[in-house]
Amino acid sequence: MNLIAAYAEGISELTRYSKKAEKVPLLVDIIVNPHAGFYRKKQKLKKIIAELEGKLAELRLRCPERKIEIKTVHFTQYPGQAREITLTILNEEARRNLKMERLLIGAGGDGTSNEICTGLIEADDYLLENLHLLRFPLGTGNDVADAQTVDEAYELILSPHRELSIGAIEINGPQIGPLYSFNIASLGICAYIAYLTNKFKRIIPGDAYLALVDAGVIFYNHRAKPAAMEISMQSRGKKTRKPAFIPSMVVFGTTGHRVYGKGKLILPGDENVCIVDSMSLLRKLETKKLFYSGAHTTLPEVHFFYAESMQISYSGNIPMQLDGESYWLNKDHFPLTLRLLPPKIKVLRG
């Protein structure tokens, strides 16, 4: 924990040099998940701390410090706590009405980012007026991070940046929800692979998702026993219905051009929905690599749509993943509704 605290404090100090000293004071909160994959590699973490300290030493010599009114590092201890901390921060803003610029940094993985964003999407709009979010790439997949590397994240703190407002997918059903995704919500084989990844990532080095693709493909039908599914989609007042079919997977993104599973380009175009019909085991194994790079668009089993909302009817058991976090659904959770929420959370982008 000492190394993790040292790294978090280094990030906190970095925010002192984010803009010129004459700018308004800044409130900084850093939410750290000490169980994120980044922190498990101690030697690499020591090296990165040393590199960050070198950057800070240079900044102390040549740059004016910006006034930081309050800076707080929060450490999560259990699942769901990042959302609770976020709500506490926002409740403080509501109580004190500070109306100061606030930077909220998520120093964890995609699951931590999802929890933080869930707290933000549930908040009243006025509480987010002066808040910006920066999600560091410190997890297993990092598909929702605002930077690809920690060095890129540092530059987003230090350099002039643009802001991008992001929305969400809201998921509701009988006995479930509301839940939220800020990248991709999916059901089927890909969600099963996410489930396996979360289960075994601590003992599999490197890209655990990629390492478990074959296992997921081979054992999915035995574990989930796919049944018939019906889907109804709506966009700009137009309804599209996909009659009963056996799904391999159903993917719903906040937008098109989205990746998951550590950079797999599942939504390569403007469409935010990808539906894959049932395939034989051999066919799945033959075509799996096409889904990594976005080359699956020509497969006859693959269909793309744009939808603002989707309702799914299903009578069996099926896994669902939201930003890499997995859930097992059964017939009591359906019909399941997924719908886009408008952009609301301001994130930093280069």
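Readers should treat all values here as calculations from the given coordinates under stated rules, not as data from a laboratory. As the structure is a prediction and not an experimental result, all values here were calculated from the model. When we count neighbours, we look across all protein chains shown, and the Cβ atoms used for this are built from the backbone with ideal geometry, even at glycine.
Key figures
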item	result
Degrees separating the helix 213-224 axis from the principal Cα axis of the chain, which is the longest one	60 degrees
Footprinting exposure proxy for 303, 222 (fewest neighbouring C-beta atoms within 10 Å first)	222, 303
Fewest-first ranking of 235, 159, 280, using other Cβ atoms within 10 Å as the exposure measure	280, 159, 235
Cα gyration tensor, the stretch 112-246 - rounded (a/c under 1.5), prolate or oblate	oblate
Between the stretch 225-266 and the stretch 142-206, the alpha-carbon center distance in angstrom	18 Å
Neighbour-count ranking [beta-carbon atoms within 10 angstrom, fewest first] of 257, 333, 161	257, 161, 333
Positive dipole terminus of the chain, leading residue within 105, 337, 203 (C-beta point charges)	203
Dipole magnitude of the chain, debye to nearest 20 (Cβ charges: Lys/Arg +1, Asp/Glu -1, about Cα centre)	520 debye
Cα centre as origin, Lys/Arg/Asp/Glu Cβ charges: the stretch 154-276 dipole, Debye	320 debye
Degrees, to the nearest 10: 2-14 long Cα axis against longest axis of the chain	70 degrees
Gain in span if fully extended, residue 53 to residue 290, counting 0.36 nm per residue against the direct Cα distance	81.1 nm
Three-way shape label, the stretch 170-341, alpha-carbon gyration tensor, a/c 1.5	rounded
Column: log10 I(q)/I(0), Debye, Cα scatterers of the stretch 2-160, q = 0.09, 0.14, 0.20, 0.21 Å⁻¹	-0.27, -0.68, -1.38, -1.49
Fully extended contour minus Cα-Cα distance, from residue 225 to residue 3, at 0.36 nm per residue	75.4 nm
Label-point separation in nm, residue 344 to residue 240, each point 7 Å along Cα→Cβ	2.6 nm
Positive-pole candidate from 173, 327, 278, dipole of the stretch 170-341, charges at beta carbon	278
Ellipticity estimate at 222 nm from DSSP helix runs (n ≥ 4, -39,500 (n - 2.57)) divided over the chain, nearest 500	-9500 deg cm²/dmol
Mean Cα-pair separation over length for the chain, i.e. relative contact order, pairs under 8 Å, 6 or more apart, %	19 percent
Residue among 5, 118, 77 farthest towards the positive dipole end of the stretch 2-160, charges placed on Cβ	5
